[in-house]
Amino acid sequence: MPVPVDLPVGYYRDNFLALLDFVREQYADILTAEETAYADRFIDLTLDAQRLYVRLVSRRGPLFRSDKLHYAEILDLPSAARELLAGNFVDHGKDEDDSVILALLTKADLVALIGDKTTAIGTLPRSDLLDRVNTAAVDIRPQLHFEIYRPLMMEYLRLYRLLFFGNLSQDLTQFVLTDLGLLNYEKYVISADARLFKLREVVDKTLLLHELNESSHAAVEQNDREALLEIVALLPDSEQETTLIRRKNRILNRIGRQLERQQDYPNALLVYAQSSAPPARERSARILRKLALLPQSYALCQSIQGDPADEAELEFATRFMPGLQKKIGLEVSEGLSPVLLDDNNSLLVSLPHDEAVRVEESVRTYYDNHASRCYYVENHLFLGLFGLAFWDIIFMSVKGAFFNRYQSSPTDLYTPAFQSARQTAITDRLAEMKNSDRWLDVLHETYAEKLGVANRFVHWQVLSEEILQLSLQRIPASHLAHVFERLLWDLRNNRSGFPDLVLFPDCGSYQLLEVKGPGDRLQDNQKRWIRAFERFGIPYRVVNVAWS
DNA sequence: ACGCAACTGCTAGAT
DNA sequence: GTGGGCACGG
DNA sequence: ATCTAGCAGTTGCCGTGCCCAC
Ligand SMILES: [Mn+2]
Ligand SMILES: [Mn+2]
């Protein structure tokens, strides 16, 4: 798949320009004058200056030393730097602390800076040298034999990146990896007016939530209660925007959990109350029980039962309520029915223990013998088959679903809109699977044609041709259709929990195997799929391993 | 895809 | 010397 | 003694070269 490609000289600047152009074209109406000027002023720079700026903003920084910058394609780097300094694209980072400056220095630089010729300090660890510089309290800057460059206006670039990619986790390397053939994206239709954001307000709130998300991580790590509560106060109203609400809920749940760890239960409850996503209600119910507020905890469980966010939340309530009922003195309801393991659906195998080999792999080798083929596929088998069988529907031209070249799925994938916007196509495909074999031919064609193309559900390195052929021969279409229906019913939650291995005996048929080593046990999502397999008549076994 | 999955190993509490 | 950690760049 | 639930901790193109610690 990866074919060596020579990228044109200065390719990174072309990519940067493509990003700027896209954003200026699509989003002119919601950019401020300064934000538009950022792109305009960049384009007015000389070629060398443009290249140097893009080189710098693509790197970690935030400070760079002039003597370490060497780029063959930048002919006159010093004058490019002067141009960037004059245009305020770069400064000298004068307001940076000495500690940040010192981080730029190598040990040899530090030794030279200390200039102590009487003792051999070259062998001291770096931290000791830093201590000596700090205690000496000298003015470091005048002694540096290089200039410091700090790229500026990164917040504009951040905005442009968000508008281009729709997220902040992708960056300019996407372009390179695609050009090199390391990443290969589907050629879906991007409509001319494609844009993720309609309102500037939503863009700003997205950026804000991003920052608060980062600071919430920091505050959790530092166990800083005041900071956590401050973040909660800064969270923006998110009204109808489901992605904003989701991000906000995630922050709230993270903060609530940390407040729990600090045993600040009143605040944890207040924070969870603002979150509309699991596990906020579950955590609240647990806190309330811990505080002996049993009726309140019970009422929360009832509200979960009345309107569960997903199966997991409902299962929690079902499992949690009997204990409360007993303590309160209510009639005790039926708990969660356990997944019963017996000789029909589980077995014990004794295997030699090898630290270096995962237990799933040991079991796979055990079954992959003269009488059967066995593969370690976990979620990838059924998700992959789903991604292939529904390829055209996943990448169907739906308004607003695709807005740049670098998506492995439509934007609405995990929202109810995914189903509703493609309802007839989905229903037809599921019906076709029950009535004819045409979908099978198409699936094989899709596999051959799309091999290596990014699709959220298809992990090409796992789903080999061999596994695909066997799966489609052995797994009845009705089984696949049942699995796909349950997947579609809640894509976000049901995409995990599939068994570790798939077994294809040479005599025919197939069986799913969930491996459990000593001390491991079925997880809730694995149990949900196992219950579904029972309903669908899909053959599975739990393989318990004992070390021999 | 703005952390997730999946897994492991530990502790506390229930039986 | 050399091995680990990690930033860089195609 | 044996069990279960809960919780915390771990890893994600890949080759090359720099820097540091040993
Ligand atoms: Mn597994
Ligand atoms: Mn397993």
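Any read-out appearing in this document is the output of simple, stated calculations on the displayed coordinates, not a laboratory observation. Please read all numbers here as calculations on a predicted model, not as lab measurements. Because the Cβ atoms are built from the backbone with ideal geometry, glycine has one as well, and the counts that use them run over all protein chains shown.
The sum of -39500 (n - 2.57) across all DSSP H runs of n ≥ 4, divided by the residue count of chain A, sets its helix-only mean residue ellipticity at 222 nm to -16000 deg cm²/dmol. Would you work out which of A:Ser372, A:Phe403, A:Ala356 lies farthest towards the positive end of the dipole of region A:346-547? Charges go on Cβ: Lys and Arg +1, Asp and Glu -1. Looking along the dipole axis, the top candidate is A:Phe403. In this structure the amide hydrogen of A:Val90, modeled in the peptide plane, comes within under 5 Å of the amide hydrogens of A:Leu85, A:Leu152, none closer than 5 places in sequence on its chain. When both region A:204-237 and region A:359-431 are represented by their alpha-carbon centers, they are found 34 Å apart. Taking the Cα centre of chain A as the origin and placing charges on Cβ (Lys, Arg +1; Asp, Glu -1), which of A:Ser303, A:Tyr272, A:Val202 is farthest toward the positive end of the dipole? Of the listed residues, the answer is A:Ser303.
Test of the criteria: in region A:40-134, which trypsin sites (Lys or Arg not before Pro) are in a DSSP loop and have at most 16 other Cβ atoms within 10 angstrom of their Cβ?
Numbers: sites: A:Arg41, A:Arg51, A:Arg55, A:Arg59, A:Arg60, A:Arg65, A:Lys68, A:Arg82, A:Lys94, A:Lys107, A:Lys117, A:Arg126, A:Arg132; in loops: A:Arg59, A:Arg60, A:Lys94, A:Lys117.
Passing both the DSSP loop test and the Cβ count: A:Arg59, A:Arg60, A:Lys94, A:Lys117.
Going down the list A:Lys187/A:Lys450; A:Lys198/A:Lys399; A:Lys187/A:Lys434; A:Lys327/A:Lys527; A:Lys205/A:Lys248; A:Lys290/A:Lys326, which pairs span over 18 Å between their C-alpha atoms? Walk me through the intermediate numbers first.
Details: A:Lys187/A:Lys450 10 Å; A:Lys198/A:Lys399 13 Å; A:Lys187/A:Lys434 29 Å; A:Lys327/A:Lys527 28 Å; A:Lys205/A:Lys248 10 Å; A:Lys290/A:Lys326 15 Å.
Violating the 18 Å limit, Cα to Cα: A:Lys187/A:Lys434; A:Lys327/A:Lys527.
The local environment of A:Ser471, defined by Cβ-Cβ distances under 12 Å, has a net charge of 0 under the rule Lys, Arg +1 and Asp, Glu -1. Gap in Å between the Cα centre of region A:482-548 and the Cα centre of region A:338-355? Each part reduced to its Cα centre gives a spacing of 13 Å.
Give the percent of DSSP beta bridges with both residues in chain A that are antiparallel, rounded to the nearest 5.
On the way: 14 of 26 bridges.
The antiparallel fraction comes to roughly 55 percent.
Got a sec? Charge dipole of chain A, +1 on Cβ for Lys and Arg, -1 for Asp and Glu; which of A:Phe382, A:Phe165, A:Gly323 is way out at the positive end? With unit charges placed on the Cβ atoms, the residue in question is A:Gly323. Quick one: Cα centre-to-centre distance for region A:111-162 and region A:1-62, in angstrom? Their Cα centres are 30 Å away from one another.
For A:Tyr185, the amide hydrogen comes within under 5 Å of the amide hydrogens of A:Ala454, counting only partners 5 or more places away or on other chains and with H modelled in the peptide plane.
Dipole size of region A:4-100 about its Cα centre, with +1 on Lys/Arg Cβ and -1 on Asp/Glu Cβ: approximately 320 debye, rounded to the nearest 20. Qualifying GluC sites (Glu not before Pro) in region A:334-439, where qualification requires a DSSP coil assignment and no more than 15 other C-beta atoms within 10 Å, comprise A:Glu334, A:Glu355.
Taking Cα centre as origin and charging only the Cβ of basic (Lys, Arg, +1) and acidic (Asp, Glu, -1) residues, the dipole magnitude of region A:11-185 rounds to 560 debye.
Can you classify region A:1-76 as rounded, prolate or oblate using the Cα gyration tensor, where a ≥ b ≥ c are the square roots of its eigenvalues, rounded means a/c under 1.5, and otherwise it's prolate if a/b beats b/c and oblate if not?
Numbers: a/c = 2.08, a/b = 1.33, b/c = 1.57.
Cα axes put region A:1-76 in the oblate bin.
Of A:Arg250, A:Arg373, the sequence from fewest to most neighbouring Cβ atoms within 10 angstrom is A:Arg250, A:Arg373. In terms of its alpha-carbon gyration tensor, region A:170-259 comes out oblate; a/c meets the 1.5 threshold, while b/c is at least as large as a/b.
Counting Lys and Arg as +1 and Asp and Glu as -1 over every other residue whose Cβ lies under 12 Å from the Cβ of A:Arg225, the net charge comes to -4. A:Phe22 sits among other residues whose Cβ lies under 10 Å from its own Cβ, and their net charge, with Lys and Arg +1 and Asp and Glu -1, is +1.
Suppose every K and R has +1 on its Cβ and every D and E has -1 on its Cβ; what is the size of the dipole of chain A about the Cα centre, in Debye to the nearest 20? Mind dumping the intermediate values first?
On the way: 62 positive and 77 negative charges, 220 e Å.
Computed about the Cα centre, the dipole is about 1060 debye.
What the phi angles of region A:118-125 give under the Karplus curve with 6.51, -1.76 and 1.60, with θ = phi - 60°, is a coupling list of 7, 10, 7, 10, x, 8, 5, x Hz, glycine and proline written as x.
If a/c stays under 1.5 just call it rounded; otherwise compare a/b with b/c (prolate if a/b is bigger, oblate if not). Do that for region A:404-478, with a ≥ b ≥ c from the square roots of the Cα gyration tensor eigenvalues. Oblate.
Computed on chain A, with alpha-carbon pairs under 8 angstrom and 6+ residues apart, the relative contact order is 13 percent. Restricting the chymotrypsin sites (Phe, Trp or Tyr not before Pro) of region A:88-164 to loop positions (DSSP other than H, G, I, E, B) with no more than 11 neighbouring Cβ atoms within 10 Å leaves nothing.
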